[in-house]
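Input: a single structure, listed below in structure tokens.
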Amino acid sequence: MIKVAFYDAKAYDRPSFEHYGELNDIRFRFLETKLNEDTAELARGCDAVCVFVNDTVNAEVIDRLYEYGVKLIALRSAGYNNVDVPHAFGKIHVVHVPAYSPYAVAEHAIALLLTSVRRIHKAYNRTREFNFSLSGLTGFDFHGKTVGVVGTGKIGRIFIDICRGFGMNVIAYDLFPAKDSGIEYVPLDELLERSDIISLHCPLTDDTRHMINAEAIGKMKKGVVIVNTSRGGLIDAEALLEGIKARKIGAACLDVYEEEADVFFEDRSGHIMDDELLSRLISMPNVIVTSHQAFLTEEALNNIAETTVNNILSCFRNDGFCDNELCYRCGKIEECRKERKQECF
Ligand code: NAI
């Protein structure tokens, strides 16, 4: 029996993980708390921890988990910017779920965009109160507009396909443009200048943190709509607020927020909101915030549980090789062990 401490567990996580766990002799210890320096101890006696996007997996936490005998950090997310991967090297293996439903995220980005541009959220509230006025609900056609996509990986490519279905002109920026994709790649500055809508689908790294800042916003068209379903840290939220106040930004659709860790995924309705920046953004008539829910479809939850269980089995059974293992050297050194179908250390 493989024992796994499952941090930041939500009711919607349990059915799929219990199902795949029981089938494969894995026992999940579901913990409502997030993983951090104070809660790492709850993993004592476990072989692995299973974590999500707002768990803290820094050097101190990794050292503690290592001391308690934990051998594996299984992320149930694609992004891993919350894990000090170089520090884990040689101590604890790290695995992730590279794709669970890129459709879920791309479709949510479109849902946010349509809601915002066609004022569906306002219309919904109005008609519930029998207010059938159309005043203030004017949107714009997607057809013929230019959408700039930053990051053309799994999610970005699906988002592009959907946008093309609307008859939009797509331009894109990626550090590693996809060859023979038929996508028109342009430099980032040109994308910022030409786009009516900008959607972010690249990972959060040292290079991409605050890529949407005051300077970038200064280059954008007046009335631009910004969509972020990727990671909050891609946008300098203070600069975004200033851009909205200056009427430069026409609308913002945010599924992620840089300081979301203490707020998102929880019911805070009975609390005073300490984060004034988030309060101010939410109070804006042209900002829609969802609480990191882009991934939340039945298909995605099932895929996350199945892949995570397979990752855990790969690491603890046979020779330990797992295709979804992460290490800071992967693909960057000649003698990369993963490319030889071996565990990273
Ligand atoms: P992916 O790895 O398939 O694609 C990412 C793309 O970004 C790649 O083409 C890569 O070359 C590009 N990229 C890397 N660095 C870049 C840079 N500095 N500038 C421009 N492009 C750069 O990842 P995928 O699956 O498409 O996911 C994208 C992001 O979506 C993830 O990193 C994650 O943060 C976020 N995400 C959000 C979810 C949510 O529920 N809101 C759920 C899943 C992922």
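Things to note:
- For the range 87-109, the set of residues classified as part of a loop (DSSP other than H, G, I, E, B) and within 16 Å of the ligand (Cβ to nearest atom) consists of His96, Val97, Pro98, Ala99, Tyr100, Ser101, listed by residue number.
- Among the residues examined, Ser279 does not qualify as part of a loop (DSSP other than H, G, I, E, B) and of a type in the set (Ser, Thr, Tyr).
- Boolean, Ile217 is within 14 Å of the ligand (Cβ to nearest atom) and within 23 Å of the chain's Cα centre (by Cα): no
- Only one entry of Asp55, Asp38, Asp8 meets the criterion of being in a loop (DSSP other than H, G, I, E, B) and away from the ligand (no atom under 16 Å from the Cβ), and that entry is Asp38.
- When each of Thr138, Thr205, Thr115, Thr152 is tested for being over 24 Å from Gly79 (Cα atoms), within 16 Å of the ligand (Cβ to nearest atom) and either of a type in the set (Lys, Arg) or not assigned by TED's automatic domain parsing to the domain that holds Val53 (or both), the lone residue that passes is Thr115.
- Single residue of the range 161-202 satisfying the filter (away from the ligand (no atom under 11 Å from the Cβ) and polar (S, T, N, Q)) that is surrounded by the fewest Cβ atoms within 10 Å (Cβ to Cβ): Asn169
- Tabulated pairs, the range 313-334, first without any contact (Cβ under 8 Å) to a residue 24 or more places away in the chain and in the same structural domain as Val95 (by TED's automatic domain parsing), second among the hydroxyl-bearing types (Ser, Thr, Tyr) and surrounded by 14 or more Cβ atoms within 10 Å (Cβ to Cβ), C-beta under 8 angstrom, 6+ apart or interchain: Phe321/Ser314; Asp323/Ser314
Matching residues to (1) within 16 Å of the ligand (Cβ to nearest atom); (2) over 20 Å from the mean Cα position of the chain (by Cα); (3) buried (at least 20 other Cβ atoms within 10 Å of the Cβ); (4) of a type outside the set (Val, Ile, Thr):
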| position | (1), (2), (3), (4) |
| --- | --- |
| Ile244 | no, yes, yes, no |
| Glu260 | yes, no, yes, yes |
| Ser279 | no, yes, no, yes |
| Thr307 | yes, no, yes, no |
| Cys315 | no, yes, yes, yes |
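- Qualifying helices (runs of 4 or more DSSP H) (wholly inside the range 110-223; at least 3 residues being farther than 21 Å from Gly250 by Cα): 120-128, 154-165
- Matching residues in the range 11-35 - criterion: being assigned to a loop (DSSP other than H, G, I, E, B) and either under 24 Å from the mean Cα position of the chain (by Cα) or hydrophobic (A, V, I, L, M, F, W, C) (or both): Ala11, Tyr12, Asp13, Leu31, Glu32, Thr33, Lys34, Leu35
- Matching residues in the range 186-201 - criterion: being free of Cβ contacts under 8 Å to residues at least 60 places away in the same chain and hydroxyl-bearing (Ser, Thr, Tyr): Ser195
- Lone unmet requirement of (1) at pLDDT below 95; (2) touching a Gly at 6+ places or on another chain (Cβ under 8 Å) for Leu254: (1)
Yes/no matrix, rows are residues, columns are (1) of a type in the set (Ser, Thr, Tyr); (2) touching a residue at least 12 places away in the same chain (Cβ under 8 Å); (3) within 24 Å of Thr152 (Cα to Cα):
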residue	(1), (2), (3)
Ala237	no, yes, yes
Ala252	no, yes, yes
Val256	no, yes, yes
Val263	no, yes, no
Ile272	no, no, no
Leu281	no, yes, no
Met284	no, yes, no
Val289	no, yes, yes
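- Out of Ala74, Ala88, Ala9, Ala48, one residue alone is under 17 Å from Phe265 (Cβ atoms), modelled with pLDDT of 95 or more and not charged (D, E, K, R). It is Ala9.
The values are calculated or read from the model by the stated rules, or taken from the named source; none is laboratory data. What you see is a predicted model; the values in this text were computed from it and never measured. Don't worry about glycine lacking a Cβ; one is built from the backbone with ideal geometry, like all the others, and counts go over all protein chains shown.
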